[in-house]
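Presented below is the structure to which this report refers.
Read-outs: derived from the displayed coordinates by stated rules, not from any lab. Here the structure is a predicted model, which is why all the values come from computation and not from measurement. In this analysis, Cβ positions are derived from the backbone assuming ideal geometry, glycine residues included, and neighbour counts consider all displayed protein chains.
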């Protein structure tokens, strides 16, 4: 069972999202929060698999909440669910450790699929968000990444939620080699973590 925490300052929105997820027998709502502080407290006590996070919250915003949640509960995946899709919002969310970025007009089936993907360790992006990220990554970076490189295959497996050890077994290389490939990829894409690397590669059409 995938456990989910809903974070939005509008109760009617939380009720609507809960209703959309209700048809999925493998997903259960374990809590709701109306602001960032409450969200962090709920995560601390309930340790949900996935948090669906609004960006605009009273007090600290959803990006700050995402960063705190990822620090306190690294196994919890945060998926932004918002009406906002500015470049700054998207980049801040990804840099804070969000595993995905969806818009509130998402279809029921797509939302359910996104929760399942995030729970498995994958990354989920609304098509329009992927397009915006593509424009961002077209800026000059420290290096380039070819679709034929081993780093891309490593990222593809990261996007499927595999650990470094599992990726090593899949590609018949050592775990240390996997880490080396990831570090090279971070440098080439000018990112600092696995989620940002996957989202950047997705936006560039490499995955």
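Summary of values
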item	result
Spin-label proximity, residue 44 to segment 61-82 - amide N less than 11 Å from point 7 Å beyond Cα toward beta carbon	72
Two-decimal Rg to Rh for the chain - Kirkwood Rh, Cα set	0.97
Ellipticity estimate at 222 nm from DSSP helix runs (n ≥ 4, -39,500 (n - 2.57)) divided over the chain, nearest 500	-15500 deg cm²/dmol
Candidates 55, 102, 91: whichever shows maximal mean-square fluctuation once the chain is modelled as a Gaussian network with Cα springs under 10 Å	91
Most to least packed among 122-130, 22-30 [average Cβ atoms within 10 Å]	122-130, 22-30
Residue with peak Gaussian network fluctuation, the chain [Cα springs, cutoff 10 Å], from 118, 37, 96	37
Estimated FRET transfer efficiency when R0 is 41 angstrom, pair residue 179-residue 1 (beta carbons, to 0.05)	0.80
